[in-house]
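Asks: Below is a structure I'd like to ask you about.
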Amino acid sequence: MAGPLAGLTVVDLTSTQTGAHVTQTLADFGCDVVMIERPGGNPLRREPAWPFWARGKRSIELDLNDPADLEVAQGLAAAADVVVDTWRPGVAARFGLDYDTLSARNPRLVYASITGFGRDNELSHLKAYEPIVMAKIGALDAFSALSTRPGPCYVASPYCTFSASQLGLHGILAALVDRESTGTGQWVETSLVQGVIAHDPWNWLIRLLTTRYADAFTPAAPTSTTSATADAPATAVIASPIHLRLMVGFTKDGQYMQFSQMAERLWQAFLRLTGLDKLSEDPEFLGSTSEDDPGGMIKWTEKALEITRSKTYAEWLQEFEREPDVWAEMFRDHTELLHHPQMVQDHRTTEIQDPTLGPVLQPGPIVLMSETPAELGATAPALDEHAAAIRASIDAPSPDASPAGDEATPPPLAGLTIIELGTYYAAPYGATVLTDLGARVIKVEQLDGDPIRNIMPFPEIGGIKVLQGKESVAVDIASEEGREVVHELVRRADVVLQSFRAGVAERHGYTAADLLAVNPDLVYLDAPGYGTGPPFGQRPAYAPTIGAGSGLGYRNVGGRQNVPGDPSLSMLEVRLYAARLGAATMSVGQADGFSALGVGTALLLGILAKRRGAPGQQMTTSMLSTMAHCLAEDMIEYSGRPELQTPDHDLNGLGARYRLYPTAEGWVFLAAPADDEWQALAAELDLDPALADDEDALAATLLERFATASAEEWERRLTKVDVACVAVVAGPVEEVVWFGGGLGEKLGIVTEATHPMLDTYPRLTPTVTFSRSETVTGNAPLLGAQTDAVLRELGYDDERIAAMREAGVAG
């Protein structure tokens, strides 16, 4: 069949990476995407990733300040199925390209707005640059461990940008699902701040526990590397038990590698393989893995680093073959992910022949679909390449639906049932976001529960966010009777999501072939960490390992040049750089969060395809392939490709007009990369125009100037002239957004929920809002809370349920 979105027209009003990611995915899966480009073209055309972001789209150059061109834009948008804008609130209305105006002409229109902070709050006026959002929520401050200088750090990974693009896709696809039954479109809204906040699995709950139960819990300081230098004392780099389980090793040949031994059996296997289990019998190390003994922890850390340093990475790979439960992923940089053995084996890249650039190697589609696959091959268009054809196609829309009223309607996924087979966060949270949109998600758990439930020292708490809105059914799926339960659920379901390591589904009979035989109309998504088979599909895949293997870690520290891999490094230097790379993969956001939001997109593509007439099908995505899309800014190869601009050594930013500056009190982030922004900045500060061509001189001048007033004063002064310059808020993010700062409540993105173990607690509101469809704010269930009710729904009587519980099949 054709792509799942074939026949749909999208008008892209954006010039941001967020918009580019949204419409690139829509184009991949069959939409006719028309980019309306400003005079001179979209600024993203100058970026290395343009051939990826714009593949398969069409281009028309229009000046929206010209009445004739504006009329063309309005005609295109009014006739579209989907319109995407990433302007600040109010801009679209000034051009008559807002939802209210366009939907009056075309009630079937689905209109998506992605802003920085939302539509109507105290931060709505700020420009939606990624670091501006990160600065205001305390996220830049949270990355302070990445540099040896004091203060916040700029990070180059698109925590807000890519995440918000996935939320935008969730809203668009869900609204299109709803349109299949209602015949009418609606306005979809989300924001960059919601995108980045969607990552955090539990930090805000740790904050809640340590304040609500202060007598029982003490908040631990984050690992600090800011004082660790070549001549610093050995205790400068703090270690802890969790950092041992997530340790970054250093090999004999100078490679950093990320372990992730979170589950107890994985940790014990790691101790056996490395010989560290013998330390527990050594009086010098006995009991020293306690956080109360930092000196002992450092001894353990240094011993572990000595062991990893005894072999090359190739030799460690041979060791991992002997012990499949032990795994460490090599830290990769730049485009190395495109050549990762798993990406190559699974054909997760594609090469498109560009008439100007030649062959362009780039990520493949974000999800593989067996029956409605992506349609790749078309190159990025030249500026205004399709203007004549696009102008000729403009026609007044002929609405076949009544205008959408203001009355609320059921959630867009109401009546849809998803069966979830998976653990932890990367895949399951993708189903969680669909519960907010009305889907019923039945999570089939092992009898002792998803391990994420007990990852914190308080029963059931660790899994609250990933379980919100779901029903928990505890069943031994490896037993014959447990398999019967799963099959009965599948017969009644629309979707199955499974994220086991390679071989597990085959061993227990839960592959796509197995379950499509039970329900031929099923949408089946396989969402593992690495892939569905060799070479690494059977390996444990946690956020740090995928963050290392994808390039997320090196992206955040500015590349290998900032974290040298010289085999002759001292132990203190190794500990410093290893700690820095570890912090670079796990902080405000991580590969789990990016991947989970990608899973939500994949699920919705499958659901929409089914609603549009596709048969049941198998779909596959992975954490690794999703990260290729996330890091697409650098994940592309072609002859003559311009180099991606990377952060400076101290992680201040990307240049004098896009970086952090210390002030008389606090720090600011300045984002004024565009010419008009530079002109406004120069006029306000009476700067010599010639400084625009001298980065070093401009940075030095601005350092002096910003030192004359506080960060708050600079924010007030420069935002008045519409220059994006904001005070960097001190973290942690959870304090700023959920608690003392109360920013989440002010922005309308945090609400209150209840849980049997906590009474009330703060949770995120649904990450997408709709002008017509309601959303759902569900609570998290205890383990097995719905087992009996669901089994009765399947026809099991109380006697049989009791027998299953007695036999250890149900819990």
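Asks: Running Debye on region 449-577 with equal point scatterers at the Cα sites and no solvent, what base-10 log of I(q)/I(0) appears at q = 0.09, 0.16, 0.17, 0.21 Å⁻¹?
Replies: Per q value, in the given order, log10 I(q)/I(0) is -0.43, -0.99, -1.06, -1.32.
Asks: To continue, here is another question. How much of the accessible area of region 653-811, in percent, comes from carbon and sulfur atoms when a 1.4 Å probe is used?
Replies: Exposed carbon and sulfur together represent 47 percent of the surface.
Asks: Which links in K57/K136; K278/K299; K443/K610 stretch past 25 Å when you go from one Cα to the other?
Replies: K57/K136
Asks: Can you give the Rg to Rh ratio of region 428-512, both from alpha-carbon atoms, with Rh computed by the Kirkwood formula?
Replies: When Rh is taken as the Kirkwood radius, the ratio is 0.96.
Asks: A further question on this structure: For A690 and I307 in one chain, what is 0.36 nm times their gap in residues minus the Cα-Cα distance, to one decimal in nm?
Replies: 132.4 nm
Asks: Another one. Starting from 0.36 nm per residue, how many nanometres of slack lie between A392 and A803 once their C-alpha separation is accounted for?
Replies: 141.0 nm
Asks: Roughly how big is the chain's charge dipole about its Cα centre, with Cβ charges of +1 (Lys, Arg) and -1 (Asp, Glu), in debye to the nearest 20?
Replies: Dipole about the Cα centre, nearest 20: 580 debye.
Asks: Now a separate question. Would you work out the Kirkwood radius for the chain? I mean one over the mean of 1/r across all pairs of different Cα atoms, in Å.
Replies: 27.4 Å
Asks: With viscosity set to 0.890 mPa s at 25 °C, what whole-number translational diffusion coefficient in µm²/s follows for region 669-811 from Stokes-Einstein and a Kirkwood radius over Cα pairs?
Replies: Translational D for this selection: 117 µm²/s.
Asks: Moving on to the next point. With +1 on each Lys and Arg Cβ and -1 on each Asp and Glu Cβ, how big is the dipole of region 575-651 about its Cα centre, in debye rounded to the nearest 20?
Replies: Computed charge dipole of region 575-651: roughly 540 debye.
Asks: Determine the gain in length on full extension of the stretch V344-S710; use 0.36 nm per residue of separation and subtract their C-alpha separation, reporting nm with one decimal.
Replies: Additional length available on full extension: 126.6 nm.
Asks: Accessible area per residue for region 493-561 in Å², computed with a 1.4 Å probe and the full protein assembly in place, what is it?
Replies: Each residue of region 493-561 exposes 27 Å² on average to a 1.4 Å probe.
Asks: Return the carbon/sulfur percentage of the accessible area of region 473-528, one whole number, probe 1.4 Å, all protein chains in place.
Replies: Here it works out to 47 percent.
Asks: Give the relative contact order (percent, whole number) for the chain; include only Cα pairs under 8 Å separated by 6+ residues.
Replies: With pairs under 8 Å counted, the relative contact order is 19 percent.
Asks: Going from the alpha-carbon gyration tensor of region 1-140, what semi-axes, largest first and in whole Å, does one get by taking the root of 5 times each eigenvalue?
Replies: Over the Cα atoms of region 1-140, the semi-axes work out to 24, 19, 16 Å.
Asks: Return the carbon/sulfur percentage of the accessible area of region 554-621, one whole number, probe 1.4 Å, all protein chains in place.
Replies: Whole-percent figure for carbon plus sulfur exposure: 51.
Asks: Give the distance, in whole Å, between the Cα centre of region 650-710 and the Cα centre of region 742-806.
Replies: Answer, in whole Å: 48.
Asks: For Cα pairs less than 8 Å apart in space and 6+ apart in sequence, what is the mean separation divided by the residue count of region 397-540, i.e. the relative contact order in percent?
Replies: Reported relative contact order: 23 percent.
Asks: Another question about this same structure. Which whole number of Å³ per residue matches the convex hull of the alpha-carbon atoms in region 493-638?
Replies: 151 Å³
Asks: Projecting each Cα onto the charge dipole of region 654-811 (Lys/Arg +1, Asp/Glu -1 at the beta carbon, about the Cα centre), which of I749, G655, V776 comes out farthest on the positive side?
Replies: Highest projection toward the positive end goes to V776.
Asks: So what's the gap between the Cα centers of region 429-454 and region 123-171, to the nearest angstrom?
Replies: If you average the Cα positions of each part, the centres end up 28 Å apart.
Asks: Let me ask something additional. Separation between the E371 and N779 pseudo-spin-labels, each 7 Å from Cα along Cα→Cβ, expressed in nm?
Replies: 3.8 nm
Asks: Using DSSP to define loop residues, name the trypsin sites (Lys or Arg not before Pro) in region 63-170 whose beta-carbon has at most 14 other beta-carbon atoms within 10 Å.
Replies: In loop regions of region 63-170 (DSSP not H, G, I, E or B), the sparsely surrounded trypsin sites (Lys or Arg not before Pro) are R119.
Asks: Residue by residue through region 443-454, which ³J(HN,Hα) values in whole Hz follow from phi under the Karplus form 6.51 cos²θ - 1.76 cosθ + 1.60 (θ = phi - 60°), with glycine and proline marked x?
Replies: 8, 8, 10, 5, 4, 9, x, 4, x, 5, 4, 10
Asks: Just the Cα atoms of region 579-726: what Rg and Dmax do they give in Å?
Replies: My reading of the Cα-based Rg and Dmax gives 21.5, 66 Å.
Asks: Below 8 Å, C-alpha to C-alpha, sequence gap of six or more: please give me the relative contact order for region 473-587 in percent.
Replies: Across region 473-587, relative contact order equals 21 percent.
Asks: Also, I was wondering about something else. With every protein chain kept in the model, how would you rank H125, H487 by accessible area, 1.4 Å probe, largest at the top?
Replies: H125, H487
Asks: Roughly how many debye, to the nearest 20, is the charge dipole of region 678-811 about its Cα centre, given +1 on each Lys and Arg Cβ, -1 on each Asp and Glu Cβ, and no other charges?
Replies: The dipole magnitude comes to about 560 debye.
Asks: Counting each DSSP H run of 4 or more residues in the chain as -39500 (n - 2.57), what helix-only mean residue ellipticity at 222 nm follows after dividing by all residues, to the nearest 500 deg cm²/dmol?
Replies: Calculated from helices alone, the mean residue ellipticity at 222 nm is -10000 deg cm²/dmol.
The values are calculated or read from the model by the stated rules, or taken from the named source; none is laboratory data. For clarity, every value in this text was computed on a predicted model and none was experimentally measured. So basically every Cβ, Gly included, is an ideal-geometry build from the backbone, and we count neighbours across all protein chains shown. In case anyone asks, the SASA skips ligands and DNA or RNA and just uses the protein heavy atoms, side chains included. Shrake-Rupley method; radii C 1.70, N 1.55, O 1.52, S 1.80 Å.
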